[in-house]
Amino acid sequence: MSAHASGSSCGNVVTVSGSAASSSSHVGQEKAGRSLAGSKYVKLNVGGTLHYTTVQTLSKEDSLLRSICDGSTEVTIDSEGWMVLDRCGRHFSLVLNFLRDGTVPLPESTRELEEVLKEAQYYRLQGLVQHCLSTLQKQRDVCRGCHIPMITSAKEEQRMIATCRKPVVKLQNNRGNNKYSYTSNSDDNLLKNIELFDKLGLRFNGRVLFIKDVLGDEICCWSFYGEGRKIAEVCCTSIVYATEKKQTKVEFPEARIFEETLNILIYENGRGLGGMALLETGGVLSPGVGQSEEEGAGVGGGDRRVRRIHVRRHIMHDERGHGQQTVYKD
């Protein structure tokens, strides 16, 4: 019998060539159990791929393969003694390895994993079936995890915000965009802003789209979007006019950021217009200390306003000084 052998660590695996297939045209129906009586080895032709294994391996689990070996299931045997199984042989080596070892590495591809699952179900290998199902579930859990898109261009950002049906929170974080030195607490506050962004992303995962921009002009700035337009902005940086030099200061307005995140939840599921009226009657949109209103940008901007909250503007002292009077300059 002429055949093309393919190297495999799982036993002798042979792929039948055209001439081999034609020479195996004489087949007969037999009870596999009678043909395997007193035999130690088994020759399997699975979809044109030949496998040479033992009866002991095939009989390890209560499965279709065991029933073939004990004769309770009929199988086609060709003239050269190969049992013919009308299945794809692509994953049969994995099936054999599972029977040999009790476990086996599964493909990372979801499509291939589903193919292995179908083969396991066909051969009634419950252990392999459960292994495939648990691995598929883990993959689905990973896919449902919290994913934070990283903005790479202004066009990409506009498209993402305009097409998103959820409220959007963007953190613009670019520590290198600074021509002055930072004050003593700025690095800690910058990290606190990033940590808060991660925590909010986990807490509101599935309800709000969180995106990160590390290429923009702002050192640390939060933007809040609903229905494709900017609703509010919290800028966390200011310039400190020290006695000898200017410094950049980063603040951590945790309560304000959390409040604005809760505010944009009214834009969930197209509830934006009703929620907007509710906010207006509640006075949340009225500019207060450190707030200003400007015309909204984005889809449906019109005469709607954007809350811009600056934690501090320009400060006429060094934060490390003692007892100086703070003067705010707008």
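The values are calculated or read from the model by the stated rules, or taken from the named source; none is laboratory data. Please read all numbers here as calculations on a predicted model, not as lab measurements. As a convention, Cβ positions derive from the backbone with ideal geometry for all residues, glycine included, and neighbour counts pool all protein chains shown. The area values use the complete protein model at the heavy-atom level, side chains included, leaving out ligands, DNA and RNA. Shrake-Rupley method; radii C 1.70, N 1.55, O 1.52, S 1.80 Å.
For this structure, a couple of remarks:
- For Arg229, the solvent-accessible surface with a 1.4 Å probe is about 0 Å², rounded to the nearest 10.
- Applying 1/(1 + (r/R0)^6) with R0 = 41 Å to the Cβ-Cβ distance of Lys155 and Tyr180 gives a FRET efficiency near 0.85.
- Amide H contacts of Tyr182: Thr248, each under 5 Å away and 5 or more positions distant or on a separate chain (H built 1.01 Å from N in the peptide plane; Pro and chain starts excluded).
- Excluding ligands, DNA and RNA, the accessible surface per residue across the stretch 34-120 is 49 Å² with a 1.4 Å probe.
- Taking 20 Å as the straight-line reach from the Cα of Lys43, the lysines in range (excluding those fewer than 8 positions away in the same chain) are Lys31, Lys60.
- The largest accessible area among Glu115, Glu254 belongs to the first residue in Glu254, Glu115, and the rest follow in falling order (1.4 Å probe, all chains).
- Where Asp213, Asp187 fall by accessible area, highest first, once all protein chains stay in place (1.4 Å): Asp187, Asp213
- Point-to-point label distance, Gln137-Lys199, nm (Cα→Cβ direction, 7 Å offset): 3.2
- Cα centroid of the stretch 215-254 to Cα centroid of the stretch 54-102, whole Å: 67
- A simple packing score, the average count of other Cβ atoms within 10 Å per residue, orders the peptides 59-65, 172-178, 233-239 as 233-239, 59-65, 172-178, with the highest score first.
- When the C-alpha to C-alpha distance is required to be over 19 Å, the pairs from Lys166/Lys192; Lys155/Lys199; Lys166/Lys212; Lys179/Lys245; Lys212/Lys246; Lys138/Lys199 that qualify are Lys166/Lys192; Lys155/Lys199; Lys212/Lys246; Lys138/Lys199.
- Of the listed residues His51, His147, His131, the order by accessible area with a 1.4 Å probe, largest first, is His147, His131, His51.
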